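What follows is a short report on a single structure.
Taken together, the values in this text are just the output of simple stated rules run on the coordinates, not laboratory data. None of the values given here were measured: they were computed from a predicted structure. Positions of Cβ are backbone-derived with ideal geometry, glycine not excepted, and every protein chain shown enters the neighbour counts.
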Amino acid sequence: MLPDDKIHFSIEMSLREVPFPKMDGPRYRIKYAGRDGTVTERDIIVQWINSAKSTVSVAAYCTLRGRMRSFMAERIIAMVDSVTGDEIANPLKHLRKLQSSLEVR
């Protein structure tokens, strides 16, 4: 587990200036821990969420990689809404709730 000062990341750069493609979906800035433990900051546009009993995977356009990527929700260390700038206290819980609204679109 990272110390609190490492979890809270800067949103001083206006999130509205992030170069997202013209794509629908909720937009977030996340801190994500890869399989090898490397932590990266990414801007994503969520397209769909798949949940099984023990895991939640997020399919999203990733601006860092410039393509669709799959993220394990359990590895999202911190999450900020890119439109409002609000920090999401519990990313896993938020994504489980978001799943139902994405199914309706």
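A few points about this structure:
- Measuring nothing but how far apart in sequence close Cα pairs (under 8 Å, 6+ apart) lie, relative to its length, the stretch 25-104 scores a relative contact order of 28 percent.
- Positive-end ranking of 95, 34, 82 along the dipole of the stretch 25-104, with charges on Cβ about the Cα centre, is headed by 34.
- Cβ-defined net charge surrounding residue 90, 10 Å radius [Lys, Arg +1; Asp, Glu -1]: +3
- Rounded to the nearest 20, the size of the Cβ-charge dipole of the stretch 25-104 about its Cα centre is 240 debye, with Lys and Arg at +1 and Asp and Glu at -1.
- Summing charges over neighbours of residue 64, with a neighbour being any other residue whose Cβ is under 13 Å away from its Cβ, gives +4 when K and R count +1 and D and E count -1.
- Other residues within the sphere of radius under 12 Å centred on the Cβ of residue 52, judged by their own Cβ, net out at +1 (K and R +1, D and E -1).
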